[in-house]
1. Out of everything in region 138-159 that is closer than 25 Å to ALA23 by Cα and surrounded by 18 or more Cβ atoms within 10 Å (Cβ to Cβ), what residue ends up being farthest from the chain's Cα centre (by Cα)?
2. Quick check on region 93-106. Is at least one of its residues touching a residue at least 60 places away in the same chain (Cβ under 8 Å), more than 20 Å from TRP7 (Cβ to Cβ) and assigned to a strand (DSSP E or B)?
3. Give me the pairs, please: first residue somewhere in region 218-239 and within 15 Å of TYR255 (Cα to Cα), second residue anywhere and surrounded by 15 or more Cβ atoms within 10 Å (Cβ to Cβ) and small (Gly, Ala, Ser), beta-carbon distance under 6 Å, and either six or more positions apart or on two chains.
4. Within region 120-152, which residues are under 28 Å from ILE91 (Cβ atoms) and polar (S, T, N, Q)?
5. Among residues belonging to region 34-81 that are among the small types (Gly, Ala, Ser) and under 18 Å from the mean Cα position of the chain (by Cα), point out the one that is most open to solvent (accessible area, probe 1.4 Å).
6. Suppose we filter GLY22, GLY99, GLY31 for residues that are at pLDDT below 95 and loosely packed, with under 15 Cβ neighbours inside 10 Å; which single one remains?
7. Identify, please: which residue in region 215-241 is of a type outside the set (Asp, Glu) and out of contact with any strand residue (DSSP E or B) (no Cβ under 9 Å at 6 or more places or on another chain) and is, among those, surrounded by the most Cβ atoms within 10 Å (Cβ to Cβ)?
Amino acid sequence: IMQRDAWQNLNGLWQYAITNRGAATPSAYDGEILVPFCIESSLSGVGKRVAENQELWYRRSFTVPKSWKGSNVMLNFGAVDWRADVWVNGIKVGSHTGGYTAFGFDITAALNAAGENVIDVRVYDGTDSGYQPRGKQVRNPQGIWYTQVTGIWQTVWLEPVSATHVQRVKATADIDNHTIDFAVEATGCKQGTVTEVRVLDGAKVVAEGKSINGCPIVVAMPADAKLWSPDSPFLYDVQVTLKSGGEQVDKVKSYVAMR
């Protein structure tokens, strides 16, 4: 949905520990877990259950590329089931609740000036002992019910951004009126910040539009726009650019379907 040219994948082996709920950061860890596979899965290398009175801790270190100097650094999670608290170098950078949604934090202020940085993630998942959306997950899977999923189960990554940057892009296609409505959310914008959207078929620009101060953008698509279908699942490429004072401050790539 939002692709930038520079990023660093944090998938791979992390340390993990299972503790009683409410315990302090572990002084020792139980072993290694392969992110982004949930702890219950064999692919994680662990294959353990986390009880409703327990929490799952993760830890790993990373270094920030020198080429990112001067940029803000975002720490992004594709999804963590269910509630996650995140620290960087012992400084809490944020919390998130919701097992199916992506989230991220600007961790710039918590980073060390040089050398390694440490991420700690604490996860609690009550599964069917709580009221959160959980699909068919239960602690005692049988019949139509599935094994619970606890912890990080989507990609974790870092990316450098400017202080003014795109946070979310939502595209809504209207095939009857041959239009696409783009809602672009950004942070750090000054008055007069311009948002530009381009829709491309390969290298060809087929539609474009712009707005200021975060207003929605409606672009007119060609009358013969390629429609998405299971037999022909065509996706248009999208470029979203933020400009402040005439200078580009952020650019992300995305995609949209006429369906």
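The values are calculated or read from the model by the stated rules, or taken from the named source; none is laboratory data. Bear in mind the structure is a predicted one, so any value in this text is a computation, not a measurement. Methodologically, a virtual Cβ is constructed for each residue, glycine included, from the backbone with ideal geometry; neighbour enumeration extends over all protein chains shown. The protein model used for the area step is the full one, side chains on, heavy atoms only, and it has no ligands, DNA or RNA in it. Shrake-Rupley method; radii C 1.70, N 1.55, O 1.52, S 1.80 Å.
1. GLN148
2. Within region 93-106 (the criterion being touching a residue at least 60 places away in the same chain (Cβ under 8 Å), more than 20 Å from TRP7 (Cβ to Cβ) and assigned to a strand (DSSP E or B)), the answer is no, since none of the residues qualifies.
3. So the pair list comes out as VAL219/ALA207; VAL219/GLY209; MET221/ALA207; TRP228/ALA257; LEU235/ALA257; VAL238/SER254.
4. Those that are under 28 Å from ILE91 (Cβ atoms) and polar (S, T, N, Q): GLN132, THR150.
5. The residue in question is GLY78.
6. On inspection, the qualifying residue turns out to be GLY22.
7. The extreme case among them is SER229.
Every residue, every condition in (1) within 22 Å of GLN167 (Cβ to Cβ); (2) in contact with a Lys or Arg (Cβ under 7 Å, 6 or more places away or on another chain); (3) part of a strand (DSSP E or B), yes or no:
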residue: SER27; (1), (2), (3): no, no, no
residue: ILE39; (1), (2), (3): no, yes, no
residue: ALA51; (1), (2), (3): no, no, no
residue: TRP57; (1), (2), (3): no, yes, yes
residue: ARG60; (1), (2), (3): no, no, yes
residue: LEU75; (1), (2), (3): yes, no, yes
